[in-house]
Amino acid sequence: MKHEQTGIMNEDILIIGGGVGGLFTGALLAHEGYKVTVVEKNQTIGGGLQTFTRRGEVFETGMHILGGLRKGGSIYKICQYLGIMDKLSLRDTDDDCFDCITYLDDAKTYRMPTGKVAFTDYLIGEFPHERAGITAYMNALYRLTDEVDFFYLRRGRDYLFSHSEQFLWAADQWIAHYITDKHLRDLLAYMNPMYGGVAGHTPAYIHALINVLYIEGASRFNDGSQQLADALATAITASGGSVHSGVAIVALKDKDRTIQQALAADGSCFTANRYISAIHPCALLKMMSEDAFTKAYRNRLNALPNSYSAFTVYIIFKPDSFPYINHTCYYQQRYGLVWNHAEYDADTWPQGFMYMTSPHRKQGAYARTMIINCIMSFEQVRRWKDTTVAHRGDDYAAWKEAHIQKILARMEILYPGFGNCIDERFASSPLTIRDYYNNKEGALYGFGRDCCNIVQSQLSVVTKVSNLLLTGQNINLHGICGVPLTAVNTVEAILGENTLIDKINAQQI
C-alpha cells in the first residue's frame with residue numbers, strides 16, 4: 001500500500017545492526033512510511049548508546065559527550081523531526097568552560113568557553129603573541145566546516161575534491177600553518193581523542209568539523225544515553241516497524257548480486273525488499289558470498305586501517321566525596337604528545353586521557369561516578385584476541401589491574417586523595433569494545449580517515465549489491481553528529497537527494 005504522505009511503496013527494509021546508525025536510519029525510514037525491521041546481535045540495542053548498570057549506577061559505554069543537540073543543531077533538528085527530542089533528558093555543559101585541559105608539565109589548566117567569539121578571545125588572552133594566528137585559525141576552522149553543506153543539513157552535493165585545497169591537508173600541518181607557538185599547536189589539537197587524530201594522516205576537515213561541533217555547545221545525557229536508543233526504537237515501532245535484540249545475523253544469502261534472505265544464528269530467517277548494513281563492513285563481508293563484491297572491493301575494505309581503541313576505567317565514588325564537574329576534562333603529561341596517544345610505552349603510559357563525572361536528573365554538588373577514557377591500540381591486547389568476555393584468564397585480569405593502577409596514580413597527582421574517594425573501580429579494554437560493538441580491533445571510530453589516501457578511506461552508502469545499502473560510522477563521519485547525518489545520506493539514497501533534508505528543515509520553520 002502507498003504511504004499517504006510520501007507516495008512511496010511500503011517496502012520491507014531489514015537493518016542489520018541496532019546501533020546509532022541502524023536506529024537513526026530505521027527511525028527515519030519508518031517515519032517516511034517504510035516497514036522497518038532492525039535486528040541487533042546484543043541483548044541491548046544502541047551500540048555506542050548502550051549503558052550498563054553496576055551497583056545501581058548507570059555507566060556510558062561510548063556516547064559520553066554530545067554535540068549538535070542544542071536547539072538549532074543538526075541532530076536536534078533530526079530528533080525534532082522524529083518527534084523524540086522531548087523524550088531526552090540532556091544537561092548542557094557550562095558555557096564558561098565546556099572542556100578543561102591540564103598539562104602536568106607546567107601545572108597549567110586551560111578552560112575553554114562555548115562559542116566562536118568567546119573561544120577566540122580566551123585563546124588570545126592566553127597567547128597574546130599569537131593574536132593574528134589565532135584569529136586566522138578560527139576563521140579558517142569555521143570556513144572549512146562551512147564547506148560541508150551536509151554538516152548543517154543544507155542542500156548541496158558534497159564531493160571531496162570540490163572543496164578548498166586546505167580541506168584535505170593533514171590536520172596537524174594545517175594547525176601549524178596558522179600557529180607558531182608549539183604549546184598552542186598542541187592545545188588546539190586537544191580534541192584528538194574525539195576523532196582518532198593521527199599526525200600526518202587525519203584530514204583538516206575532520207579536525208574542523210569536530211571542533212566546531214563542540215565549540216558551538218556541548219551536552220551530556222542525564223542518566224545515560226540508552227534513552228536515545230530507546231526513543232529511536234519507539235519511533236520505529238510506533239510507525240509499524242519492529243526492533244529485535246539478541247538476534248545475530250550470520251549469513252546473507254545472495255544471488256546475482258541481490259540479497260535473497262538473512263539467516264540468524266538461532267535459525268530464524270528474514271526477507272526484505274532492501275537490506276541496510278549498519279555493522280562494520282568487514283563483518284558484513286564475512287556474511288556474504290565471495291561473488292557479492294569484487295575482489296578489489298573486498299581487498300580494499302580488509303586493508304583499510306582502523307582507528308585506535310581505548311582502555312576505560314569506571315569509578316563509583318563514596319557518597320559526597322568527589323565534586324560533580326559539569327564539563328569534560330583532559331589530562332596531558334606534557335606538550336607535544338597529543339598526536340601520539342596511541343603509541344604505547346609501558347613505563348610512561350598513560351601520557352594523556354579524558355575523564356568526566358556523569359550527570360543525573362537530580363544532580364547535586366557531588367558526583368556518583370566517573371569515566372576515565374585512555375587511548376590504546378589493539379596491539380596491547382592482541383595476545384588475548386581469541387578469548388571471549390569473562391573467559392580471558394588470570395594474566396589478562398592482572399594486566400588490566402596494572403593499567404588501572406597506572407591511571408589512578410595520575411589521578412592522584414591531579415586530585416590528591418583521589419583514591420580515598422573511590423568505593424569501587426573496574427575497567428574495559430579494546431577487547432571489550434571489539435566484542436560488544438562487533439568493531440574490528442575495537443576501533444572507536446571505525447575506519448581511520450587518511451588524507452594521504454582519502455579515496456580509499458571513503459565509502460559510499462550505495463553498494464554493487466542491488467538491494468544493499470550501508471550506514472554507520474565507517475561510511476562518512478563518526479559520533480553523535482556524524483552517524484545520524486550518514487543515516488540521512490542512506491535514507492536519501494532511497495528517497496532521493498535532498499528530499500529528507502528539505503523535510504527536516506521545513507519542520508523547523
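The numbers here are math on the coordinates, done by the rules we state, and not lab data. Since the structure is predicted, the reported quantities are computational estimates derived from the model, not experimental observations. Cβ coordinates were reconstructed from backbone atoms using ideal geometry, including for glycine residues, and neighbour counts include every protein chain displayed.
Electrostatic tally near Gln405: other residues with Cβ closer than 13 Å to its Cβ, Lys and Arg +1, Asp and Glu -1, net +2. A straight Cα-to-Cα reach below 24 Å connects Lys400 with the lysines Lys318, Lys385, Lys440, residues fewer than 8 places away in its own chain not being considered.
Over the range 204-249, all Cα pairs binned in 10 Å intervals from 0 give whole-percent P(r) values of 20, 28, 29, 24, 0, listed from short to long.
Beta bridges assigned by DSSP with both partners in the chain are antiparallel in approximately 70 percent of cases. Electrostatic tally near Trp349: other residues with Cβ closer than 12 Å to its Cβ, Lys and Arg +1, Asp and Glu -1, net -1.
Rounded to the nearest 500 deg cm²/dmol, what is the calculated helix-only ellipticity per residue at 222 nm for the chain, with -39500 (n - 2.57) per DSSP H run of length n ≥ 4? Mind dumping the intermediate values first?
On the way: 14 runs with 160 residues, N = 509.
Here the helix-only value at 222 nm equals -9500 deg cm²/dmol.
Taking amide hydrogens as placed 1.01 Å from N in the peptide plane, the amide H of His244 sits under 5 Å from those of Val38, Val39, Glu40, each at least 5 positions away in sequence or on another chain.
Is there a quick way to get the dipole size of the chain? I mean about its Cα centre, with the Cβ of Lys and Arg at +1 and of Asp and Glu at -1; what is the value in debye to the nearest 20? Kindly include the intermediate steps, with their values, before the conclusion.
Numbers: 47 positive and 52 negative charges, 152 e Å.
Dipole magnitude for the chain comes out near 740 debye.
Count neighbours as other Cβ atoms within 10 Å of each site's Cβ, and list the trypsin sites (Lys or Arg not before Pro) in the range 375-424 that are DSSP loop with at most 14 such neighbours. Could you put the intermediate results ahead of the total?
Working: sites: Arg382, Arg383, Lys385, Arg392, Lys400, Lys406, Arg410; in loops: Lys385, Arg392.
Taking the range 375-424 and a limit of 14 other Cβ atoms within 10 Å, the loop trypsin sites (Lys or Arg not before Pro) found are Lys385.
Extending 7 Å from Cα along the Cβ direction at Asp256 and again at Asp291 yields two label points whose distance is 1.1 nm.
Less than 5 angstrom separates the built amide H of Ile422 from those of Lys318, all sequence-distant by 5 or more or on a different chain.
Electrostatic tally near Ile279: other residues with Cβ closer than 11 Å to its Cβ, Lys and Arg +1, Asp and Glu -1, net +2. Positive end of the dipole of the chain (Cβ unit charges, origin at the Cα centre): among Thr25, Gly446, Leu49, the Cα lying farthest that way belongs to Thr25. When the alpha carbon coordinates of the range 308-442 are projected onto the principal axes, the ranges are 44, 36, 24 Å, largest first. A compact globular protein would have a Cα radius of gyration near 2.2 N^0.38 Å; the ratio found for the chain is 0.95. A cut-off of 5 Å between modelled amide H atoms, ignoring neighbours fewer than 5 places along the same chain, links Cys97 with Thr114. Helices in the chain that qualify as membrane-span-like (whole DSSP H runs, Cα extent of at least 27 Å along the helix axis, mean Kyte-Doolittle hydropathy of -0.5 or higher) are 394-414.
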